[in-house]
1. Stick to the Cα atoms of the range B:1-50, pair each with every other, and give me the Kirkwood hydrodynamic radius in Å at one decimal.
2. Just to check I understand the Karplus step: with θ = phi - 60° and J = 6.51 cos²θ - 1.76 cosθ + 1.60, what whole-Hz values come out for the range A:191-202, glycine and proline as x?
3. Non-local amide H neighbours of B:F171 (under 5 Å, H modeled in plane, Pro and chain starts lacking H): which ones?
4. For A:K330, which lysines qualify as cross-link partners when the Cα separation must be under 18 Å and same-chain residues fewer than eight apart are set aside?
5. Only Lys, Arg, Asp and Glu count, each charged at its Cβ (+1, +1, -1, -1), so figure out the dipole size of the range A:226-281 about its Cα centre, rounded to 20 debye.
6. Counting pairs of alpha carbon atoms under 8 Å apart in space and at least six apart in sequence, what relative contact order in percent does chain A give?
7. If R0 is 56 Å, what FRET efficiency do you get for B:L15 and B:S328 from their C-beta distance, rounded to 0.05?
8. Which whole-Hz couplings ³J(HN,Hα) result when phi for each residue of the range A:306-319 is put into the Karplus expression 6.51 cos²θ - 1.76 cosθ + 1.60, θ = phi - 60°, listed in order with x for Gly and Pro?
2 protein chains.
Amino acid sequence: MRNLRTTDQFVEAILRQDRAALAQGITLIESNARKHFSPAQELVKAIYPYSGKSIRIGITGVPGAGKSTFIEALGMYLCRQGHKVAVLAIDPSSTLSGGSILGDKTRMEELSKEKNAFIRPSPSQGKLGGVHRKTRETMFLCEAAGFDVIIVETVGVGQGETIVKGMVDVFLLLALTGAGDDLQGIKKGIIELADLICINKADGDNRRKAEKTKVEYEGFLHFLQPSTEGWSPTVMTCSALYNENIDELWRNIQDYEAFSKRTHAFTLKRRQQMKTWLNAMISDYLHDSFYGKEQIRERINKVEIEVVQGDCTVSEAVEQLILAYEESFK
Amino acid sequence: MRNLRTTDQFVEAILRQDRAALAQGITLIESNARKHFSPAQELVKAIYPYSGKSIRIGITGVPGAGKSTFIEALGMYLCRQGHKVAVLAIDPSSTLSGGSILGDKTRMEELSKEKNAFIRPSPSQGKLGGVHRKTRETMFLCEAAGFDVIIVETVGVGQGETIVKGMVDVFLLLALTGAGDDLQGIKKGIIELADLICINKADGDNRRKAEKTKVEYEGFLHFLQPSTEGWSPTVMTCSALYNENIDELWRNIQDYEAFSKRTHAFTLKRRQQMKTWLNAMISDYLHDSFYGKEQIRERINKVEIEVVQGDCTVSEAVEQLILAYEESFK
């Protein structure tokens, strides 16, 4: 990143929806270089007042659920309606492998050529807390650049869903037809995060099966607490491939938005998300600070064995480790 | 606690199953007085090698599921079979209210008079982490005193289930007949913790409904990942009031025990539980240490507001708070 813009130049360019500036700003935020941290934070701070004017949609689904086709169909539909759509991704597996679910833009060929759409792959590498922060801050930049629909995608692995759920206004589960064995592919706990469940590939011979699955999901949801107080998650079918029911999906999202704005859940959730994020980052920091200390790293495995063998109690072990930790600051 | 025994005296008396010594040992562990901490930890350490020779059973269920009657029926059945049964409780609500779900021994009138049974209410007051530690350590003492079946009970509120799940070998959900609306009373996520689900009150007119509920639970479990790799949670009905199927319940528990010992899941789980407990206590300590600092308490609310208003970024806020925290040790 040579010829880095000043914060003012960045803000000015992003606000007039300059895509090159937006992309460069995101690259700055994603940088792991220490020297980029301060200018990146200055940028986020300067941009923040212009952020927030969007509906943030989280999407998850098992591999094979057709997320790319679905996001492309929804994205194209929204662009045709005059919206500006940014697609971001969180891929916890990429933090390990360095790969990325959205690395290949050809996954959404049509949408990636659309001038009112902006697709950004998951920030690869770095720790999960960092990826979390970077995606959130990227979202703020996109909103300031006029994108009024933000789609954050995640795959059904690791902690992706919880992280995405914690940064969006509405969380959508993209599911497949088939019950029982097929549904086991969905990680436990995911369904109860969903505000909206959409069964994809409801076309041709599959249509009836999809309707059956819809009923099964509705029965299943009956057992769960609603993700938002007073809201019964909507279950619907669609065919992203044939562009069927994409308009109904958007109506359902807007219904949820209207509902949550009416009950003030919308604003409260966003505020709570900021606080939760702050405290999660503190928690991450404390954890890393503790387990990162040489004095702790040297002892922790030994102490764990001692505890299992009964050579010291858990309380004694904690006391001993904490003492070593606090000594390290002196 | 005057005339406190020495650690050696405690160990000797507990090993020869002296109930007064056991009760006094537990009182020592439960004490919040600073001067009792060291002798309590010495006792736990000295007792630990004699602990572990039991099956630890966690039991949860909604209020009204008949937990007291059920535990009394199971406990009496086991005592008649020659077992020694200790009943402990974790009640997250008691840490707030100072009350306790087992405060009233008359809840299990017959069992409380049985010489091979030992009932101990939840340690009231104190913080959840402390309650967790105290119940675990009490369990070790009971095992050393010859109790070979430990039942840890919790009510379906707060974090009770997760804590109990983290200290037992097998986790049992006591459920009621009736599906749909009734089942909503069960906190989401509880069912997937269960190794065994027992639908109580399957007597009289309710018997057929109970069988129906059993089938519904089996269908529901189909959607969830098993709590133990390779184990399909058993669903059964019983009537604690009429002592029906209590023998089958015990057989199911023994089946699970045999299964998990064969696959080594039993030992691995116990080891993992100790490590998880250690790290959870560290995490608790760090959290308390951070949020307990005057320097943090003075700032945190202000910083949260600043973050929501955009006066500083989350990263800046974290950096600022951590700096204040680390300064406090110098």
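1. Values: mean 1/r = 0.0932 Å⁻¹.
The Cα-based Kirkwood calculation yields 10.7 Å.
2. 4, 6, 7, 6, 8, 8, 10, 10, 8, 8, 6, 7
3. Distant-sequence amide H within range of B:F171: B:G58, B:D195, B:L196.
4. A:K293, B:K293, B:K330
5. On the way: 7 positive and 6 negative charges, 103 e Å.
That gives the range A:226-281 a dipole magnitude of about 500 debye.
6. Working: 487 pairs, mean separation 55.4, N = 330.
Relative contact order of chain A: 17 percent.
7. Details: r = 45 Å, r/R0 = 0.81.
For B:L15 and B:S328, the calculated efficiency is 0.80.
8. 4, 5, 5, 7, x, 6, 8, 7, 4, 4, 4, 4, 4, 4
Coordinate-derived values only; no laboratory data. Since this is a predicted model, take the numbers as computed values, not measurements. Glycine also receives a Cβ, built like all others from the backbone with ideal geometry; neighbour counts cover every protein chain displayed.
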